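Colleague: Quick one: structure below, then a few questions.
The values are calculated or read from the model by the stated rules, or taken from the named source; none is laboratory data. All values derive from a computational prediction rather than experimental measurement. Ideal geometry is used to build each Cβ from the backbone, glycine not excepted, and the neighbour counts take in all protein chains shown.
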Amino acid sequence: MILILSHAWALDDDHAASYIAVTEEFGSFHAAQRGFRGRRLVRDRDNPSHFINLRWWDNAEDYDLMIRDPAYPGWIERLSEHVEARSPEKLVMDVVVEHPDPTWPTS
């Protein structure tokens, strides 16, 4: 399993709310993709304009397949309207130890 971790900084409070809403909608796109295992969006308490996206995938190949989907750029464009134009800060990480949350659905 891999984790895709990325950062985003909202332009202001209204854009933060819109960013959250679009991210919620984007979840249905993710759920339809092969190898997708889960997604969480977390918000920095000290800097509420800062968000971290956490997405779990079976493998990098499935993630790469998803970002090549013709609909993917449209979603990124919608999200990008609400965040600062910074160089993408995205990490692809291998999960090496996992202790699943028993309350979090696995499928």
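Colleague: Could you please find all residues in segment 19-56 being under 18 Å from Tyr72 (Cα atoms), touching a strand residue (DSSP E or B) at 6+ places or on another chain (Cβ under 8 Å) and of a type in the set (Gly, Ala, Ser)?
Modeller: Correct list: Gly27, Gly35, Gly38.
Colleague: Looking only at residues that are without any contact (Cβ under 8 Å) to a residue 40 or more places away in the chain, of a type outside the set (Gly, Ala, Ser) and assigned to a helix (DSSP H, G or I) in segment 9-21, which one is nearest to Ser80 (Cα to Cα)? Outline the logic, then answer.
Modeller: Going residue by residue through segment 9-21, those that are without any contact (Cβ under 8 Å) to a residue 40 or more places away in the chain are 12-14, 17, 20-21.
Going one step further and asking which of them are of a type outside the set (Gly, Ala, Ser), we end up with 12-14, 20.
Still in the list and also assigned to a helix (DSSP H, G or I): 13-14, 20.
Working: Asp13: 15, Asp14: 14, Ile20: 12 Å.
Looking at the filtered set, the residue picked out is Ile20.
Colleague: Does segment 55-62 contain any residue that is surrounded by 15 or more Cβ atoms within 10 Å (Cβ to Cβ), closer than 27 Å to Leu11 by Cα and in contact with a His (Cβ under 9 Å, 6 or more places away or on another chain)?
Modeller: Step one: list which residues in segment 55-62 are surrounded by 15 or more Cβ atoms within 10 Å (Cβ to Cβ), which gives 55-57, 62.
Add one more test, that the residue is closer than 27 Å to Leu11 by Cα, and what stays is 55-56.
From what's left, in contact with a His (Cβ under 9 Å, 6 or more places away or on another chain): 55.
The answer is yes; a qualifying residue exists.
Colleague: What number of residues within segment 52-66 satisfy the criterion of being part of a helix (DSSP H, G or I) and either in contact (Cβ under 8 Å) with a residue 40 or more places away in the chain or of a type in the set (A, V, I, L, M) (or both)?
Modeller: Step one: of segment 52-66, the residues part of a helix (DSSP H, G or I) are 60-66.
Retained after the next criterion (residues that are either in contact (Cβ under 8 Å) with a residue 40 or more places away in the chain or of a type in the set (A, V, I, L, M) (or both)): 60, 63, 65-66.
Count: 4.
Colleague: Can we say Asp69 is surrounded by 12 or more Cβ atoms within 10 Å (Cβ to Cβ) and in a loop (DSSP other than H, G, I, E, B)? Step through it out loud before you land on a result.
Modeller: Details: surrounded by 12 or more Cβ atoms within 10 Å (Cβ to Cβ): yes; in a loop (DSSP other than H, G, I, E, B): yes.
When the stated conditions are applied, Asp69 passes them.
Colleague: Follow-up question, since we're still on this one. So Thr103 passes all but one of these: (1) exposed (fewer than 14 other Cβ atoms within 10 Å of the Cβ); (2) modelled with pLDDT of 95 or more. Which condition number does it fail?
Modeller: Evaluating Thr103 over (1) exposed (fewer than 14 other Cβ atoms within 10 Å of the Cβ); (2) modelled with pLDDT of 95 or more leaves (2) as the failure.
Colleague: Looking at segment 22-51, which of its residues are touching a helix residue (DSSP H, G or I) at 6+ places or on another chain (Cβ under 9 Å), in a loop (DSSP other than H, G, I, E, B) and not small (Gly, Ala, Ser)?
Modeller: Gln33, Arg34, Pro48, listed by residue number.
Residue by residue, here is whether (1) of a type in the set (Val, Ile, Thr); (2) out of contact with any Phe, Trp or Tyr (no Cβ under 7 Å at 6 or more places or on another chain); (3) at pLDDT below 95; (4) more than 27 Å from Val97 (Cα to Cα) holds:
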| position | (1), (2), (3), (4) |
| --- | --- |
| Ser6 | no, yes, yes, no |
| Ser18 | no, yes, no, yes |
| Glu25 | no, yes, no, yes |
| Leu41 | no, no, no, no |
| Asp46 | no, yes, no, yes |
| Glu61 | no, yes, no, no |
| Asp69 | no, yes, no, yes |
| Pro73 | no, yes, no, yes |
